[in-house]
Structure formats: structure tokens, C-alpha cells
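Structure record follows, encoded as C-alpha cells.
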Amino acid sequence: AAAAVEGDASATEPPPCARTVAADKVLAYLEQRYEEAEKGGEPIDWNWFRVRLIRLAYIGAVVFFFWVFVTDKVPHYEKTTVSGDVPFRKVRRLINHTHWVRTVAFRPDGARMATAGWDERVVVWDPSTGVAEQRLAGYDAAVMNIEWSPDGLWLATVSRDRRVRVWDATTWQMEFKERGHEDEIYGLSLHPHR
């Protein structure tokens, strides 16, 4: 073996300390298998590593979703802030839909909130109490978007059934229902002065 000479970087280089013991073992195993494969031995079974990586990812995902949905907690929920040091916090949980909720819209004065989604209906809430005051049905497909008029007297919706509907927010009667598109509708916007 060659003796270390003065000024040789390899003689003074410290051993790697950032890698964990487990990582060192994996690297040593791979180096050994690679040398064996080069000498005509059995090739490295990369599938073995892939299967274990997929299993670890799956277990991690299951644990994460179990923690979020079963315990009803979101990671770092209390640490989220808007401006200053005011954190977000959950006021209440509203349950009325039977499928995914896709869109939420508050009335301009904030006194009412409408939600809609894949259960083909719109629910109007009193956000201060969490009570579902109205359930607007009559859709043939998922409701993709909703919007209040600036005065809060009308609620417009669009759906995957290709129809635009406008509801009177005082009587909750459907005042307008028209199909003007040849495909699903995902967005709408109301005139700001009407």
C-alpha cells in the first residue's frame, strides 16, 4: 500500500459522516452486487428495491390519510397565518352533501354561503350557525361552479349537464334554465352592476 505523502488530500480527508448506517449498508450491498455482476455473477435485482420502495410509499400514504381523515386534523393547520400573526382555525364542519364538494361561494355580505358539487345539488348555508337552509335540486349532472350577484339577490350556477341556471335568492325559485353550450360548463361570471 502506498504511504500517504504530505499534502495528499486523501490522507487528511475526514470519513463521510452525513450518511446513515442504513444508507452505508445499502451502498455496500449495491457495490458488492455490482462487482459480482461484472464478474459474471447474478445481476442486481432492481425489482427487489422497486417493490420495497412502493411498499414504503404506500404505507406512508395510508398512515398520512388515516391521520388526516380519521383524526380530522391537517398537518401544520394551526401554524398557517394570513397577515400578521392571525392563524387559520376551523370554525365548524358542515355536512350535507353526499359526494365531493367542488365549489364554494359566499354572498357578498357574508351572511350566506352556497356549496355545490358531484351530488348534483346546491346547498345554501348560514355560515354563522352551520345550518343548511336550502337544497337546490333539479340538476342532471355535477354542479361545477356557482356565483352570487353583487346585490345577493340571485344565485347563478353552471353544470356538467350543459345548462345555466339562475335562482331567485329570496324565494329560491329557479328563474332561468337554459342550455347554450354544446359541452360541459365549468365557469361563469356575473355582470358587476346588475
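The values are calculated or read from the model by the stated rules, or taken from the named source; none is laboratory data. It should be emphasised that the depicted structure is a prediction, and the values quoted were computed from it without experimental measurement. Every residue, glycine among them, receives a Cβ derived from its backbone with ideal geometry; neighbour counts consider all protein chains shown. These area figures cover heavy atoms from the full protein model, side chains too; ligands, DNA and RNA do not enter into them. Shrake-Rupley method; radii C 1.70, N 1.55, O 1.52, S 1.80 Å.
The table that follows gives values for the structure above.
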quantity	calculated
Region 118-194, accessible area per residue, ligands and nucleic acids excluded (1.4 Å, Å²)	54 Å²
Segment Tyr29-His181, length gained on full extension (0.36 nm per residue, minus Cα span)	48.5 nm
Pair Thr98, Thr171: separation of 7 Å Cα→Cβ label points (nm)	2.8 nm
Area of Val104 that stays accessible when all protein chains are in place (1.4 Å probe, Å², to 10)	80 Å²
